[in-house]
Amino acid sequence: MSMGLASGYVAGMAVAFGTFVYCYHKRKANVNRVVEGWFPEHTAREQYYDLLEQETPAAEAELKTTLMHRAVEDVRRIYELREKKPSLSSLVRSGQIGEAVWNQFQAAEAEMELELMEVVQEADRLKEGWGQQIFQTASEMVQHERQKEQQQEMEEMQREQQE
């Protein structure tokens with residue numbers, strides 16, 4: 001009887017441990033999937049730096065255009081962070097994802113703040129006072145793009161309904 005009780009205890013512990021390992025790896029896989037791609041490479045920023053580092057100085061208009069593209073990409077990223085923050089926060093509070101993901105999200109927010117300050121400084125360096133306006137203009141451009149995409153989607157839906 002004591003041998004059966006010991007065997008049952010060991011079997012129960014093995015099942016509990018196996019369940020723990022399974023849940024742990026499943027949660028870790030979910031975290032890695034979320035963590036892998038917060039933002040892809042910032043190509044607009046790289047293009048701007050490439051222009052600055054050229055042997056022959058780039059034209060001021062070209063620098064302004066490239067900086068504006070960089071600001072537009074930053075605005076897109078800001079929107080993405082704002083959209084994801086509430087749901088991510090609730091997932092962390094409910095324990096469905098770990099604190100590491102939340103810390104990475106906060107690091108992405110801090111990185112974006114630094115990026116925004118840098119773009120404002122670069123804009124002011126290119127044209128005095130432009131730093132105060134560049135993100136307003138970039139935001140308007142992104143909003144226009146979104147409206148255009150929504151309009152195209154609506155037209156596509158209407159065509160599908162007519163068929």
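Looking only at the range 68-86, decide whether some residue is farther than 27 Å from residue 44 by Cα, out of contact with any Asp or Glu (no Cβ under 7 Å at 6 or more places or on another chain) and surrounded by fewer than 18 Cβ atoms within 10 Å (Cβ to Cβ).
Yes, the range 68-86 has at least one match.
Could you grab the pairs with beta carbons closer than 7 Å, sequence gap of 6+ or different chains, first residue in the range 75-89 and within 16 Å of residue 143 (Cα to Cα) and at pLDDT 95 or above, second one among the aromatic types (Phe, Trp, Tyr) and part of a helix (DSSP H, G or I)?
75/135
Does the range 113-128 contain any residue that is touching a Leu at 6+ places or on another chain (Cβ under 7 Å), in a helix (DSSP H, G or I) and either of a type in the set (Phe, Trp, Tyr) or in contact (Cβ under 8 Å) with a residue 60 or more places away in the chain (or both)?
Yes: the range 113-128 contains one or more residues that are touching a Leu at 6+ places or on another chain (Cβ under 7 Å), in a helix (DSSP H, G or I) and either of a type in the set (Phe, Trp, Tyr) or in contact (Cβ under 8 Å) with a residue 60 or more places away in the chain (or both).
Return the residues of the range 94-107 that are closer than 17 Å to residue 83 by Cα, of a type outside the set (S, T, N, Q) and either surrounded by fewer than 16 Cβ atoms within 10 Å (Cβ to Cβ) or free of Cβ contacts under 8 Å to residues at least 24 places away in the same chain (or both); say none if nothing qualifies.
Result: 102, 107.
Is there a residue in the range 33-45 that is modelled with pLDDT of 90 or more, buried (at least 16 other Cβ atoms within 10 Å of the Cβ), in a helix (DSSP H, G or I) and hydroxyl-bearing (Ser, Thr, Tyr)?
No.
Identify, from the list 97, 78, the residue that is assigned to a loop (DSSP other than H, G, I, E, B) and over 19 Å from residue 49 (Cα atoms).
Going through 97, 78 in turn, the sole match is 97.
The values are calculated or read from the model by the stated rules, or taken from the named source; none is laboratory data. What you see is a predicted model, and the numbers here were worked out from it, not measured in a lab. A quick note on method: Cβ atoms are made from the backbone with ideal geometry, for glycine too, and the neighbour counts reach across all protein chains shown.
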